[in-house]
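These notes are about the structure you will find just below.
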Amino acid sequence: MDGSAITSEYLIELGKTTPESAVAQLIQHAVAAGASDLFFSAGERYYTVQLRHLGIVRPLSVLPSEHGRRCLAHIKARAAMDTTEKRRPMDGRWIFDLPGEQFSDTPDKKIRRRNGVDLRINVIPTLHGEDATIRVLPHDHSHFVVEDLGMSVSQAASYRQMYQSPSGLLLITGPTGSGKTATLYSTLVRLNDGSRKIHTIEDPVEYAIEGLHQSQVNTAIDVGFSELLRSVLRQSPDVIMIGEIRDPETAKIAVHAANSGVLVFATLHAPSAPAAVQAMLSLGAHPHFLASCLRGVVAQRLVRTLCPGCRTSFDLDGAQQTFEEVRSLLAEGEGKSLFASQGCDACGQTGYAGRAGVFEVMPVTPAVRDLISEGKPARDIRAKAVEQGMIQFRQAALLKVAKGLTSTEEVFRVIPSEHLLQED
């Protein structure tokens, strides 16, 4: 998503508008900018409004306290929340209609459809009032394309073999905001061709996809991932997506399902692909059963991509060895320059215009499977995977820099240094 609409460096003046108008303007601005989140934060004298764009939080507006509280009350009312409750955290949803209408052409007629966004809202009490975080989820799902995730050619080929398996377990790992949801939905959209029964278990359901059977965790009535997973297994699924493996019971059921003929996708928090195996073992998954069903692990981070309108290159005449480590993976002419962007009107003076994934894709080969079955540590699994051709975070990041897609500064901002240092 480009940054052509970003003007958040200039604060929007909303002090004299009605709460309804102020909230509408802020949401429309966030959508136009391609922001993923909108934040309302209560202070002693003011409410500050910020947005998150390409992973970076930027200021958007400052509202007098009373005006901010009225705006928050309006948001809560539209999201079907209790406006009188100010002591407990709350969650809500609001389908916000954008101005104008969109049309879809069919062979025989033009169909009017809603032009809106799905807003997932969380409100929490703080020292000076209530804070709200609004996740902005566009209704358009056309951006969920596996080929656009940012994997290298060899990584994409390995991942394709994983998700085309008739059964087994695929783990997607990374910190919050690393693009795991995009990877999962892009894969499910690809598999959603009508020949498979696909169930998802999510907290919450972020995108409604036609053809998927999507269920949402409800902790208020003690319906968690493990409870839903047990029930979904009785629905005769071909594919199951588990939003997050958080506890030993869910981990064990997921492994059991993958071993019984179901293709299972799941996310969990681990710093790298080999470490995800260790995370599953620490949650009580039996090494032998995990090894027998695991098809592969994808670990990922998101880096901002340089704006093509203001990107400039710098020759590496005196440092040709910079990309020597990935020279064999580069095309002719690549790896001879470093790139940076100075900022322009098209990218809102940020120098960046989008985001792309940096991946570790670890297929579970027979040799890796043996190490998992024996309960070997992550470092042994990593060494074997690298020996068999796995591209590590370091090499994947170098490829992005060498191709001029991002900068070295952005790589070091996003990827922990222990994954970037050259091992002896």
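So here's what we get for this one:
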| quantity | calculated |
| --- | --- |
| Filtered residues of the range 214-229 (kept if modelled with pLDDT under 90 and part of a strand (DSSP E or B)) | N218, V223 |
| Selected residue (only one of T187, T183 is within 13 Å of G243 (Cα to Cα), in contact (Cβ under 8 Å) with a residue 24 or more places away in the chain and surrounded by 19 or more Cβ atoms within 10 Å (Cβ to Cβ)) | T183 |
| Scope the range 132-150; condition assigned to a strand (DSSP E or B), open to solvent by less than 50 Å² (accessible area, probe 1.4 Å) and not aliphatic (A, V, I, L, M); matching residues | P138 |
| Enumeration of residues in the range 197-231 that are touching a Leu at 6+ places or on another chain (Cβ under 9 Å) and in contact (Cβ under 8 Å) with a residue 60 or more places away in the chain | E206, Y207, I209 |
| R160 being under 23 Å from V364 (Cβ atoms), touching a residue at least 40 places away in the same chain (Cβ under 8 Å) and open to solvent by 40 Å² or more (accessible area, probe 1.4 Å) | no |
| Test result for V358, over 15 Å from A402 (Cα atoms) and either of a type in the set (V, I, T) or open to solvent by less than 30 Å² (accessible area, probe 1.4 Å) (or both) | no |
| Looking only at the range 231-262, and only at residues there that are small (G, A, S) and open to solvent by 20 Å² or more (accessible area, probe 1.4 Å), the one that is nearest to R190 (Cα to Cα) | G243 |
| Residues of the range 37-93 satisfying the condition of being β-branched (V, I, T) and in contact with a strand residue (DSSP E or B) (Cβ under 7 Å, 6 or more places away or on another chain) | T48, V49, V57, V62, I75 |
| Filtered residues of the range 311-324 (kept if farther than 30 Å from P175 by Cα and not in a strand (DSSP E or B)) | L316, D317, G318, A319, Q320, Q321 |
| Residues being part of a loop (DSSP other than H, G, I, E, B) and open to solvent by 20 Å² or more (accessible area, probe 1.4 Å) - total across the range 277-293 | 3 |
| Single match in A33, A22 (criterion: open to solvent by less than 20 Å² (accessible area, probe 1.4 Å), farther than 13 Å from I134 by Cβ, of a type in the set (A, V, I, L, M) and modelled with pLDDT under 95) | A33 |
| Residue count, the range 375-413 (criterion: of a type in the set (D, E, K, R), crowded, with 23+ Cβ neighbours inside 10 Å and over 30 Å from F339 (Cβ atoms)) | 0 |
| Pair list, Cβ under 8 Å, 6 or more apart: the range 53-65 residue aromatic (F, W, Y), other residue open to solvent by 10 Å² or more (accessible area, probe 1.4 Å) and assigned to a strand (DSSP E or B) | none |
| Top-ranked residue in the range 72-90 [being β-branched (V, I, T) and more than 14 Å from I27 (Cβ to Cβ); ranked as surrounded by the fewest Cβ atoms within 10 Å (Cβ to Cβ)] | T84 |
| Filtered residues of the range 230-255 (kept if assigned to a helix (DSSP H, G or I) and among the hydroxyl-bearing types (S, T, Y)) | S231, T250 |
| Among the residues listed as V153, V145, the single one being more than 18 Å from the chain's Cα centre (by Cα) and at pLDDT below 95 | V153 |
| Selection from the range 212-230 of residues that are β-branched (V, I, T) and open to solvent by less than 20 Å² (accessible area, probe 1.4 Å) | V217 |
| When residues of the range 50-71 are limited to those that are within 27 Å of T176 (Cα to Cα) and in contact with a Gly (Cβ under 8 Å, 6 or more places away or on another chain), the one least open to solvent (accessible area, probe 1.4 Å) | H53 |
| Near pairs, Cβ below 7 angstrom, 6+ apart or cross-chain, from the range 20-32 (more than 13 Å from V49 (Cα to Cα)) to any residue that is of a type outside the set (D, E, K, R) and surrounded by 15 or more Cβ atoms within 10 Å (Cβ to Cβ) | E20/H74; Q28/L98; V31/L98; V31/V117; V31/V136; A32/A5 |
| Any hit, the range 325-339, residues being in a helix (DSSP H, G or I), at negative phi and open to solvent by less than 60 Å² (accessible area, probe 1.4 Å) | yes |
| Which listed residue, of S186, S195, is within 20 Å of A299 (Cα to Cα) and either outside any strand (DSSP E or B) or not basic (K, R) (or both) | S186 |
| Among (1) in a loop (DSSP other than H, G, I, E, B); (2) buried (at least 20 other Cβ atoms within 10 Å of the Cβ); (3) among the hydrophobic types (A, V, I, L, M, F, W, C) - the single one I209 does not satisfy | (2) |
| Meets criteria (over 24 Å from Q321 (Cβ atoms) and not hydrophobic (A, V, I, L, M, F, W, C)) for R394 | no |
| Among (1) open to solvent by 30 Å² or more (accessible area, probe 1.4 Å); (2) not in a loop (DSSP other than H, G, I, E, B); (3) not basic (K, R) - the single one P166 does not satisfy | (2) |
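The values are calculated or read from the model by the stated rules, or taken from the named source; none is laboratory data. Predicted model only: the values in this text are computed from it and were never measured. Every residue, glycine as well, gets a Cβ built from its backbone with ideal geometry; the counts of neighbours run over all protein chains shown. With ligands, DNA and RNA removed, areas are computed over all heavy atoms of the protein, side chains included. Shrake-Rupley method; radii C 1.70, N 1.55, O 1.52, S 1.80 Å.
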